[in-house]
Structure formats: structure tokens, C-alpha cells
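The values are calculated or read from the model by the stated rules, or taken from the named source; none is laboratory data. Quick caveat: nothing in here was measured; it's all calculated off a predicted structure. Methodologically, a virtual Cβ is constructed for each residue, glycine included, from the backbone with ideal geometry; neighbour enumeration extends over all protein chains shown. Keep in mind that these areas ignore ligands, DNA and RNA; they rest on the heavy atoms of the full protein, side chains included. Shrake-Rupley method; radii C 1.70, N 1.55, O 1.52, S 1.80 Å.
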Amino acid sequence: MNTSARTSWDKVEFYTSYFLMFVLASVIGTRLSFATVWELSTRDLVLNIIALVWVVASFWIARKRRSWRLWIIAFATATQMVPMIVHHPATLFPVLGGLIPVIIMVWALFALSRKGSNSPRVRGS
């Protein structure tokens, strides 16, 4: 894969992960702001606060490291999904159903990122 395509792919990943971190921060912040209305368990409250701190801090500490951004996104997502499924097990099947399009999208993005790396370069196109 040529350098300009790799740079373009890196920009897509960079901005996508930053957008996802912004969405996660807003979801966690909204959940914490309603903590006085709907009672959260102490464990959930502590996990949400830690996740919010990590997501907000990741805009600075993970700006150059893709792996850190992905781990922080995974941790913040887990702090939102796992307590919900533990408290309400009936939500497990809709979450698993929602994972199907996500898996397809990740597979397609992975395939697109690898496209051309093994095939010979075509000149003139």
C-alpha cells in the first residue's frame, strides 16, 4: 500500500477514534449527571467516573498512540455495557444482535485497510 493511502487511512482512524471518544464522554457525562435522579450503585458510579476521566484524558495522553486510544475506548465501553447486562440480563440478546453489524463493519474496515498490500500495483489508474 502506498504512503498516501496509509496516511489517509491513519487520518480516518484518528478522527473516527476521537469522535467515538467524544461520544463516549458525552454518554458517560450524561449518565453521571442523572445519577441523582436514578440511583447508581457505588461500583457503577466509581467505574463511570474512572471511565470519564480516562476518556477526557485520552484526548491528550493518547493523541499519538493508537493502541492507547483503542484500549481506553474498550474500557469506557465495557464500563457502560457490563453493568447494564449484569443488572438487566434480558438486554444481553439485543446487545449481541447489535454486535453483528459492528463485526461486519470492523471486518470490512480491516479488509479495506489491507486492500492492495498483497496485490501488485497497477500503473496508470
Completion exercise
Checked against (1) farther than 20 Å from residue 12 by Cβ; (2) touching a residue at least 40 places away in the same chain (Cβ under 8 Å), residue 73 satisfies every condition except (1)
Practice task
Determine whether the range 47-55 contains at least one residue that is touching a residue at least 40 places away in the same chain (Cβ under 8 Å), within 23 Å of residue 86 (Cα to Cα) and assigned to a helix (DSSP H, G or I).
Solution key: no
Problem - Where a residue in the range 1-14 is over 21 Å from residue 63 (Cα atoms) and its partner, wherever it lies, is open to solvent by less than 60 Å² (accessible area, probe 1.4 Å) and at pLDDT below 70, with Cβ under 6 Å and at least six apart - result: 1/116; 1/117
Practice task
Determine, yes or no, whether residue 16 is exposed (fewer than 14 other Cβ atoms within 10 Å of the Cβ) and outside any helix (DSSP H, G or I).
Solution key: no
Exercise for the section: Determine, yes or no, whether residue 23 is open to solvent by 70 Å² or more (accessible area, probe 1.4 Å), modelled with pLDDT of 90 or more, out of contact with any strand residue (DSSP E or B) (no Cβ under 7 Å at 6 or more places or on another chain) and in a helix (DSSP H, G or I). Expected result: no
Problem - Residues satisfying the stated conditions in the range 63-110, i.e. surrounded by 12 or more Cβ atoms within 10 Å (Cβ to Cβ) and of a type in the set (Val, Ile, Thr) - result: 72, 73, 77, 79, 82, 85, 86, 91
